[in-house]
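The values are calculated or read from the model by the stated rules, or taken from the named source; none is laboratory data. Note that the structure is predicted; figures quoted are calculated from it, not measured. In this analysis, Cβ positions are derived from the backbone assuming ideal geometry, glycine residues included, and neighbour counts consider all displayed protein chains.
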Amino acid sequence: MDNDVYGHVNNVVYYSWFDTAVNAYLIEQGVLDIHAGQTIGLVIETQCNYFAPLAFPQDVQAGIRVAHMGTSSVRYEVGLFASGEELCAAAGHFVHVYVDRETRRPAALPSALRTVLERLQC
């Protein structure tokens, strides 16, 4: 996913970074098992605003927060920063609806996940 023909990372890659930043955090906190967890998050909405280009091989850092937490859904907001920069190059959000892995029906957020997410609420 190197630079596109315009010399910067293509806009679709930013959405991948959003997903990676959130999932990596949840895995590191021990509340997401992507292979065997009973509850999984499915993206139902996403949006991004771009303010400055990012280009390979720049290091990119992500900041995440929880803007809203419902019974089975979470709205994550993510800022992407060129390493060392104070202003974000892109900011956006996505909404996960957490569902039972087998039935794909909405499921209440597990208590351990809710506890971890509460730390990210503003």
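What are the residue pairs meeting all of these: first residue in region 1-28, first residue over 19 Å from Ala67 (Cβ atoms), second residue assigned to a helix (DSSP H, G or I) and among the aliphatic types (A, V, I, L, M), Cβ atoms under 9 Å, and 6 or more apart or on different chains?
Pairs that qualify, where the first residue is over 19 Å from Ala67 (Cβ atoms) and the partner is assigned to a helix (DSSP H, G or I) and among the aliphatic types (A, V, I, L, M), are Met1/Val12; Met1/Val13; Asp4/Val13.
Return the total of residues in region 97-117 being surrounded by 14 or more Cβ atoms within 10 Å (Cβ to Cβ), over 18 Å from the mean Cα position of the chain (by Cα) and over 16 Å from Asp33 (Cβ atoms).
Total meeting the criteria: 1.
What number of residues in region 29-57 are in contact (Cβ under 8 Å) with a residue 60 or more places away in the chain and in contact with a Gly (Cβ under 9 Å, 6 or more places away or on another chain)?
Within region 29-57, residues that are in contact (Cβ under 8 Å) with a residue 60 or more places away in the chain and in contact with a Gly (Cβ under 9 Å, 6 or more places away or on another chain) number 2.
Go over the candidates Ala52, Ala91 one by one and state the one that is at pLDDT 95 or above and over 19 Å from the mean Cα position of the chain (by Cα).
Ala52
Go through the residues of region 26-38 one by one and say whether even a single one is over 21 Å from Arg119 (Cα atoms), out of contact with any helix residue (DSSP H, G or I) (no Cβ under 9 Å at 6 or more places or on another chain) and of a type in the set (A, V, I, L, M).
Yes; the residues of region 26-38 include at least one that is over 21 Å from Arg119 (Cα atoms), out of contact with any helix residue (DSSP H, G or I) (no Cβ under 9 Å at 6 or more places or on another chain) and of a type in the set (A, V, I, L, M).
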